[in-house]
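Undergrad: Please see the structure below; I have some questions.
The values are calculated or read from the model by the stated rules, or taken from the named source; none is laboratory data. Quick caveat: nothing in here was measured; it's all calculated off a predicted structure. Reconstructed Cβ throughout: ideal geometry from the backbone, glycine too, with neighbour counts over all protein chains shown.
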Amino acid sequence: MERKHPMPFGAEVGEDGAVRFRLWAPHAQNVAVCLEDASKKLPLTKLQNGWFELSSRDARPGTLYRFQIDGNLKVPDPASRFQPSDVHGPSLVITPVAFDWTDENWRGRPWEEAVIYELHVGTFTPDGSFKGAEQKLDYLRDLGVTAIELMPVADFSGRRNWGYDGVLLYAPDSSYGTPEDLKHLIQAAHNKNLMVFLDVVYNHFGPDGNYLHAYSPQFFTSRHHTPWGDGINFDGPDRRIVRDFFIHNALYWLEEYHFDGLRFDAVHAIVDDSTPNIITELAQVIRHKISSQRHIHLILENADNASHYLKRDREKRVRLYDAQWNDDVHHAMHVLLTGESNGYYSDYAREPIKQLRRCLTEGFAFQGECSPFHHANRGEPTTGLPPSAFVSFLQNHDQVGNRAFGERIGQLTSPQALRTAMEILLLAPSPPLLFMGEEFAADSPFLFFCDFHGDLAAAVTNGRRAEFAHFPDFTSAETRERIPDPNDEATFTRSKLRWPNLDCQSLGADPHAGWFQFYHRLLSIRQQAIVPLLSKICGACTAKDFDDDERGVSIEWALTDESALTLIANLGNESLTPESPKQSTLIYSSSEEAMKSLDCGQLLPWSVVWSLQTRK
């Protein structure tokens, strides 16, 4: 089966074998395409509105090419499908129909089944490739994962990067493999009943390898400012072409690569005063073009907690976006487990258990209240939104990698506390997300790394260390010098997962195997006992306070059949006295002792009980 997304720009191989080259270069007087292998330079015809175009039989699949601007600057194709020699090298003509898809019957999986596993291709396996990730698919399926989320793969400068510095958004980075390797990974995942999501970055381009300023400065606008400089021009003159570039990119990944969904990075940093804004239009176009054919899931990262993007229609169907990463639930839980209160954790230090309860029952902790850290009101009400609109996690690339030394949560709290947190998050109605390696308590850090050179490398290293200057532990320059250099290859190497032997079935014989079995058991219970209840949650949710402590959680999610999913948890070091339990069927308890103590009116420290309660 062939899959191809037709694009109005870039290099497209036609049915007659000719290659059509098309570039939007409104700042250029003339444009030529340089065919590297044939040493030919062919002029493009200047069209209206800044477009240049040429159809030629001198090029074919496998031809290396660049665009030459005004007889001088040679640049890669901004819509390049592949860059064999990185962002400054020539682009490669690709014919997507050459890949024979065999997953034509794949329709995806419902969002309620989502258990997401976020991974960075370059550090997930020893060889850091798409092929290496494919070798771990059986492992992920057996763990209980239903969706893999790849951190951004769009071509970035150098051989290593988190992916958020991409500059050629249509080209999978060559350090991970070829486009065919990525397609093979996705197809293999589908054959194992696994969805695959992709993280995409539409709020900025990376600092090295972006040539758009030279011939298409209209891509940017000085009217809006972002942490990376001028904003992308989503709402000024020529915005239609700019918007289409990103909309086609989203469709390209979903159609040509058959991804099952996209995670949109930091949309709060996209400034767009038009109606509809680009965030809304992206979802509208995707839903109109693809969603009727198969399950497509769209996920936001949005520090503004703008809940209107998550609204459902009268039939409770997704209108725009399925869900948002819920930083609030992470921050509240992190404070409870570690006691940390620096940075954005300061917003959660006063009443973390109260905020955790609100996250579990309503989604966001901040729904318009003042955030002292942000010096502004933050968030919108979540009334009417289901738990499925909020992705919960205790680790992800940001929350681990943005720490100075990349420590994972297992190094910051006790095993008992960590188990309790995951007993809550993995069985709660909201879809959970795991960060690669947390399921076996990986002890390798995940550090911030990149591969820049010269002045840019020095600026990134110094900027990274300066970020921590206001934290008490890093007030001295000498201490900040200990923060790993992002450009040092050793920083990247240290971030690679160290895979233990997980064959041992005994929970006590090997700590890594024990953690794996713990996560596997919880995810099995989730699929068997929790997922069938999610469609029955009717919106009524009750959270109760414990009389004798501020470390307890007691929540009921009402179901349409008049039963209720109930959670009782103790995240403290002292026993609690909850209300007398009603008639119920046990789904999970931390231990037999926890259940016995609950029957006697006490809840042991760091324990969790999930049950299905019958309403009489």
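Undergrad: Condition (residue is buried (at least 24 other Cβ atoms within 10 Å of the Cβ), more than 22 Å from Ile299 (Cα to Cα) and touching a residue at least 12 places away in the same chain (Cβ under 8 Å)) applied to region 147-154: is it met by at least one residue?
TA: Scanning region 147-154, I find no residue that is buried (at least 24 other Cβ atoms within 10 Å of the Cβ), more than 22 Å from Ile299 (Cα to Cα) and touching a residue at least 12 places away in the same chain (Cβ under 8 Å), so the answer is no.
Undergrad: Condition test on Trp253, is it in contact with a Pro (Cβ under 9 Å, 6 or more places away or on another chain) and hydrophobic (A, V, I, L, M, F, W, C)?
TA: When the stated conditions are applied, Trp253 does not pass them.
Undergrad: Select from region 1-27 the residues that are closer than 22 Å to Ser216 by Cβ and among the charged types (D, E, K, R) and write down the one among them that is surrounded by the fewest Cβ atoms within 10 Å (Cβ to Cβ).
TA: Arg20
Undergrad: Can you confirm whether region 440-461 contains a residue that is within 30 Å of Pro110 (Cβ to Cβ) and in contact with a strand residue (DSSP E or B) (Cβ under 7 Å, 6 or more places away or on another chain)?
TA: no
Undergrad: Can you spot a residue in region 225-237 that is free of Cβ contacts under 8 Å to residues at least 40 places away in the same chain, touching a Ser or Thr at 6+ places or on another chain (Cβ under 6 Å) and surrounded by 20 or more Cβ atoms within 10 Å (Cβ to Cβ)?
TA: Yes, because at least one residue in region 225-237 is free of Cβ contacts under 8 Å to residues at least 40 places away in the same chain, touching a Ser or Thr at 6+ places or on another chain (Cβ under 6 Å) and surrounded by 20 or more Cβ atoms within 10 Å (Cβ to Cβ).
Undergrad: Which residue, of Gly10, Gly89, Gly71, is at positive phi and under 35 Å from the mean Cα position of the chain (by Cα)? Walk me through it before giving the result.
TA: Values: Gly89 fails: at positive phi; Gly71 fails: under 35 Å from the mean Cα position of the chain (by Cα).
Every option except Gly10 fails the conditions.
Undergrad: Hey, another quick one. Read through the list (1) among the acidic types (Asp, Glu); (2) touching a helix residue (DSSP H, G or I) at 6+ places or on another chain (Cβ under 9 Å); (3) at positive phi, then give the number of the only condition that Glu562 fails.
TA: The failed condition is (2).
Undergrad: Here is a follow-up. Looking at region 99-121, is at least one residue hydrophobic (A, V, I, L, M, F, W, C), under 28 Å from Phe492 (Cβ atoms), in contact (Cβ under 8 Å) with a residue 60 or more places away in the chain and not in a loop (DSSP other than H, G, I, E, B)?
TA: Yes; the residues of region 99-121 include at least one that is hydrophobic (A, V, I, L, M, F, W, C), under 28 Å from Phe492 (Cβ atoms), in contact (Cβ under 8 Å) with a residue 60 or more places away in the chain and not in a loop (DSSP other than H, G, I, E, B).
Undergrad: Can you name every one of the strands (runs of 3 or more DSSP E) wholly within region 149-228 that holds 1 or more residues which are modelled with pLDDT under 95 and over 26 Å from Pro6 (Cβ atoms)?
TA: By residue number, 220-226.
Undergrad: Still on this structure, I have one more. Looking only at helices (runs of 4 or more DSSP H) that fall completely inside region 274-376, which ones have 1 or more residues that are more than 22 Å from the chain's Cα centre (by Cα), of a type in the set (A, V, I, L, M, F, W, C) and over 21 Å from Ala389 (Cβ atoms)? Give the steps one after another, and end with the answer.
TA: Details: elements: 278-286, 327-338, 352-362.
Per the criteria, 327-338, 352-362.
Undergrad: With Gly539, Gly508, Gly514 as the choices, which residue is at pLDDT below 95, in a loop (DSSP other than H, G, I, E, B) and either crowded, with 20+ Cβ neighbours inside 10 Å or not hydrophobic (A, V, I, L, M, F, W, C) (or both)? So that I can check it myself, show each step before the final result.
TA: Working: Gly539 fails: in a loop (DSSP other than H, G, I, E, B); Gly514 fails: in a loop (DSSP other than H, G, I, E, B).
When all the criteria are applied, what remains is Gly508.
Undergrad: Shifting gears a bit: Of the conditions (1) in contact (Cβ under 8 Å) with a residue 40 or more places away in the chain; (2) buried (at least 19 other Cβ atoms within 10 Å of the Cβ); (3) more than 23 Å from Arg408 (Cβ to Cβ), Leu356 satisfies every one except a single condition; which number is it?
TA: (3)
Undergrad: Tell me the residue from Leu182, Leu168, Leu119 that is buried (at least 19 other Cβ atoms within 10 Å of the Cβ) and closer than 26 Å to Gln293 by Cβ, please.
TA: Leu182
Undergrad: With the checklist (1) polar (S, T, N, Q); (2) out of contact with any Pro (no Cβ under 8 Å at 6 or more places or on another chain); (3) exposed (fewer than 15 other Cβ atoms within 10 Å of the Cβ) in hand, flag the one item Asn30 doesn't pass.
TA: (2)
Undergrad: Out of Leu356, Leu300, Leu360, which single residue is among the aliphatic types (A, V, I, L, M) and farther than 19 Å from Leu567 by Cα?
TA: Leu300
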